[in-house]
Amino acid sequence: MSGLSQDDRVSCPVEKQPSTDSSITHKPVVQPLHGLQLASHAVLEKAQQWGRLNCSKCGRSRMFFCYTCYSLVGVSQQEIPSIKLPVKIDIIKHPNETDGKSTAIHAKILAPDDVNIYTYPCIPEFDTDKVVVVFPGPGSVSMQDLMQHLRDNVDGEPCPKRHRASETEGATRVARDPGSAAPDGAEASESRACLLERVVVIDSTWNQTNKIITDERLQALPRVELTTRKTCFWRHQKGKPESYLATIEAIYYFLKDYHEQCLAREYSGEYDNLLFFYSYLHSLINSAKTAAGRD
Ligand SMILES: [Zn+2]
């Protein structure tokens with residue numbers, strides 16, 4: 001297990017919030033990946049027994065997926081979870097980064113319709129009204145403030161999902177299916193969902209993140225910072241706060257917070273499978289560390 005602490009790839013180092021229990025030094029160990037609603041890892045266990053296989057597209061030796069071609073290796077699409085996301089995720093990665101160490105590929109493999117990966121300086125043009133960057137620091141808003149920020153931006157612009165209703169009724173209410181009795185909460189939630197279309201996540205080490213976030217094309221985008229979470233990334237670098245998240249962790253926690261705090265919906269594990277590969281690899285690494293007597 002070489003290189004466990006060699007890489008400090010992060011997407012969004014999150015400032016730690018003042019803690020009221022900071023005087024407690026022996027807190028119970030929190031298992032951040034515990035209790036996730038995940039698909040069975042049996043398919044990965046089986047593929048692992050086969051060992052590394054050659055990618056059918058580029059021929060390189062890979063395990064589970066090819067991080068160059070964004071394709072599966074040794075497992076089929078039907079065998080792994082496929083997740084529909086409430087927003088599009090645009091991941092911008094630094095060209096100097098080693099793809100094999102990135103967890104961004106997990107998102108692309110597991111939510112292929114909603115995730116795109118770009119290599120800086122190649123980034124798409126963004127509509128600044130409905131796009132946010134996940135990035136902490138001065139000027140970043142909390143998730144709670146994000147919706148108000150977006151509302152201020154659109155300033156009464158009608159939601160596209162309302163057009164069906166407004167065309168026929170001259171109203172601005174959300175269209176309902178005939179016979180459907182959607183409660184006001186669901187209606188409001190759907191309305192809020194229209195405010196945000198894309199989320200930009202930066203995939204690079206912290207030092208290189210600065211070059212990307214200061215790019216003028218990203219300057220106009222509002223920034224949101226996540227609720228403090230601790231990483232459990234095995235490549236986590238010594239000396240960095242535990243709140244420096246791996247890219248897939250950042251995407252997962254953003255979506256969970258967005259679901260609960262912005263859409264105001266009860267979270268029922270909808271995006272847990274984004275951590276399908278991550279949790280499996282995490283358990284492998286932990287087992288190896290335990291076996292090596294280091295844990
Ligand atoms: Zn390949």
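The values are calculated or read from the model by the stated rules, or taken from the named source; none is laboratory data. Nothing here was measured: the structure is a model prediction, and the numbers come from that model. For neighbour counting, all protein chains shown are included, and Cβ atoms are generated from backbone atoms with ideal geometry for every residue, glycine included.
Quick grid of which residues meet (1) of a type in the set (A, V, I, L, M); (2) under 17 Å from the mean Cα position of the chain (by Cα); (3) modelled with pLDDT under 90:
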{"residue": "R198", "(1), (2), (3)": "no, yes, no"}
{"residue": "S204", "(1), (2), (3)": "no, yes, yes"}
{"residue": "N207", "(1), (2), (3)": "no, no, yes"}
{"residue": "N210", "(1), (2), (3)": "no, no, yes"}
{"residue": "T214", "(1), (2), (3)": "no, no, no"}
{"residue": "T228", "(1), (2), (3)": "no, yes, yes"}
{"residue": "Q237", "(1), (2), (3)": "no, no, yes"}
{"residue": "K240", "(1), (2), (3)": "no, no, yes"}
{"residue": "S243", "(1), (2), (3)": "no, yes, yes"}
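Take the conditions buried (at least 17 other Cβ atoms within 10 Å of the Cβ) and more than 30 Å from T214 (Cβ to Cβ) and apply them to C58. Does it pass?
Numbers: buried (at least 17 other Cβ atoms within 10 Å of the Cβ): no; more than 30 Å from T214 (Cβ to Cβ): yes.
Taking the combined requirement at face value, the residue does not satisfy it.
Rundown of residues vs (1) within 12 Å of the ligand (Cβ to nearest atom); (2) part of a helix (DSSP H, G or I), yes/no style:
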{"residue": "C58", "(1), (2)": "yes, no"}
{"residue": "V75", "(1), (2)": "no, no"}
{"residue": "F126", "(1), (2)": "no, no"}
{"residue": "D129", "(1), (2)": "no, yes"}
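Just one of I92, I80 is at pLDDT 95 or above and under 16 Å from L275 (Cα atoms); which is it? It would help to see each step written out before you state the result.
Working: I92 fails: under 16 Å from L275 (Cα atoms).
It is I80.
Output the residues belonging to the stretch 60-70 that are within 8 Å of the ligand (Cβ to nearest atom), without any contact (Cβ under 8 Å) to a residue 24 or more places away in the chain and in contact with a Lys or Arg (Cβ under 8 Å, 6 or more places away or on another chain).
Result: R62, C66, C69.
So is S268 more than 12 Å from the chain's Cα centre (by Cα) and part of a helix (DSSP H, G or I) or not?
Working: more than 12 Å from the chain's Cα centre (by Cα): yes; part of a helix (DSSP H, G or I): no.
Answer is no for this residue.
Taking V87 and the conditions (1) within 22 Å of the chain's Cα centre (by Cα); (2) loosely packed, with under 12 Cβ neighbours inside 10 Å; (3) at pLDDT 95 or above, which numbered condition does it fall short on, given that it satisfies the others?
Answer for V87: the failing condition is (2).
Yes/no matrix, rows are residues, columns are (1) within 18 Å of R198 (Cβ to Cβ); (2) within 16 Å of the ligand (Cβ to nearest atom); (3) of a type outside the set (D, E); (4) not in a loop (DSSP other than H, G, I, E, B):
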position: A39; (1), (2), (3), (4): no, no, yes, no
position: V43; (1), (2), (3), (4): no, no, yes, yes
position: K46; (1), (2), (3), (4): no, no, yes, yes
position: P81; (1), (2), (3), (4): no, no, yes, no
position: K84; (1), (2), (3), (4): yes, no, yes, no
position: P95; (1), (2), (3), (4): no, no, yes, no
position: I105; (1), (2), (3), (4): no, yes, yes, yes
position: P112; (1), (2), (3), (4): yes, yes, yes, no
position: G137; (1), (2), (3), (4): no, no, yes, no
